[in-house]
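Following: one structure in structure tokens, then a few remarks.
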Amino acid sequence: MEPEAAFAEIARQREQLAARIRLPGWYLALNALAVAALAALPALTLPVFAYFLVPVAAVLVLGAFSWLLSGRRGVKLATGYPSLTRPAVLQLVVTAAGMIAVVPLALSGWTALALGVAVLTGVLAADQLRRQLRAIRHDVRAGRVGAG
């Protein structure tokens, strides 16, 4: 095989793999709902322990299935993606900031606003997850996948 043809085949395979790296819309919606429910805990008057288990379990289960659902089955879990750092950190910051912001609002009696912030936190966290997958696709296309 000629070098040009070999490089073209590698580029085609990278593009094919990158195209498979997606999460279904229902997964992103469930993830947003689970994060929003977790962030809304301080604003709700339900028993925290009983209510806490449902969103935490949902976030953990969704996290476990994201690898399979996103089309990354052929890639090791520990594979490093250089472009993933920024969106992963932003997801953590957005989620933590939203959860922290709900507490004073709930304690001040602004329950509706606290719930609105919780919903916004869930939506932004799901968007950051979508951005993480976009960063992974970018790295796969560019051939910048680190050793895991």
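Observations
- Within region 106-121, considering residues that are at pLDDT 90 or above and either touching a Leu at 6+ places or on another chain (Cβ under 6 Å) or on the phi > 0 side of the Ramachandran plot (or both), the one surrounded by the fewest Cβ atoms within 10 Å (Cβ to Cβ): LEU113
- Counting the residues of region 1-41 that are surrounded by 11 or more Cβ atoms within 10 Å (Cβ to Cβ) and either among the basic types (Lys, Arg) or touching a strand residue (DSSP E or B) at 6+ places or on another chain (Cβ under 7 Å) (or both) gives 3.
- Taking every residue in region 1-23 that is within 12 Å of HIS138 (Cα to Cα) and of a type in the set (D, E, K, R) and pairing it with any residue that is surrounded by fewer than 11 Cβ atoms within 10 Å (Cβ to Cβ) and modelled with pLDDT under 85, at least 6 positions away or on another chain, the pairs with Cβ-Cβ distances below 8 Å are ARG14/GLY143.
- Once region 128-148 is narrowed to residues that are of a type in the set (D, E, K, R) and touching a residue at least 60 places away in the same chain (Cβ under 8 Å), the residue that is least open to solvent (accessible area, probe 1.4 Å) is ARG137.
The values are calculated or read from the model by the stated rules, or taken from the named source; none is laboratory data. Computed from a prediction, not measured in an experiment: that's the story for all the values here. Note that we place each Cβ from the backbone using ideal geometry, even for glycine, and neighbour counts take in every protein chain shown. Accessible surface is based on the protein model in full, side chains and every heavy atom, while ligands, DNA and RNA are left aside. Shrake-Rupley method; radii C 1.70, N 1.55, O 1.52, S 1.80 Å.
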